[in-house]
1. Which value, in debye to the nearest 20, describes the size of the charge dipole of the chain about its Cα centre when Lys and Arg Cβ atoms bear +1, Asp and Glu Cβ atoms bear -1, and nothing else is charged?
2. Which angle between 0 and 90 degrees, to the nearest 10, do you get for helix 2-11 versus the longest principal axis of the chain when only C-alpha atoms count?
3. Which length gain, in nm to one decimal place, applies between Arg10 and Arg56 when the Cα-Cα distance is subtracted from 0.36 nm times their residue separation?
4. Filter the trypsin sites (Lys or Arg not before Pro) in region 1-40 down to the DSSP loop ones having no more than 16 other Cβ atoms within 10 Å, then list what survives.
5. Quick one: Karplus J couplings for region 22-29, per residue in order, coefficients 6.51, -1.76, 1.60, θ = phi - 60°, nearest Hz, x for Gly and Pro?
6. With θ taken as phi - 60° and the coefficients 6.51, -1.76 and 1.60, list the Karplus ³J(HN,Hα) couplings across region 42-54 in order, rounded to whole Hz; mark glycine and proline as x.
7. Could you tell me, in Å, what Rg and Dmax come out for the Cα atoms of the chain?
8. At 0.36 nm per residue, and after removing the present C-alpha to C-alpha distance, how many nm does the segment from Ile33 to Trp3 gain when stretched out fully?
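Please treat every number below as a calculation from the coordinates, not as lab data. Just so it is clear, the structure is predicted and the values come from calculations on it, not from any experiment. With ideal geometry, Cβ positions are generated from the backbone for all residues, glycine too; neighbour counts draw on all protein chains shown.
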Amino acid sequence: MAWIMDEFRRANPTDVVNARACLTGKPLSKGGIAGRTEATGRGVQFPIQSYLRDIRTPGLNE
């Protein structure tokens, strides 16, 4: 993942803001974050909660 980030940076040298944020799963030494193992699960949790709380979801509010 660090290699892909480096390639993005080479292809877009003026895009300093998105160079580190262009993908996830980087090692901590290359700008990754601790807790990345849980990050995907947390990201999936929010749309599922939203779907289940929506009163228009068929079969859940009958």
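1. Numbers: 9 positive and 6 negative charges, 43 e Å.
Dipole size: approximately 200 debye.
2. 70
3. Details: separation 46, 0.36 × 46 = 16.56 nm, distance 4.65 nm.
Full extension from Arg10 to Arg56 adds 11.9 nm.
4. Working: sites: Arg9, Arg10, Arg20, Lys30, Arg36; in loops: Arg20.
Of the trypsin sites (Lys or Arg not before Pro), the ones in loops of region 1-40 whose Cβ has at most 16 other Cβ atoms within 10 Å are Arg20.
5. 5, 7, 10, x, 6, x, 4, 5
6. Rounded to whole hertz, the list is 5, x, 6, 4, 5, x, 5, 4, 4, 4, 6, 7, 6.
7. Just the Cα atoms of the chain yield Rg and Dmax of 17.7, 55 Å.
8. On the way: separation 30, 0.36 × 30 = 10.80 nm, distance 1.64 nm.
This chain segment gains 9.2 nm when fully extended.
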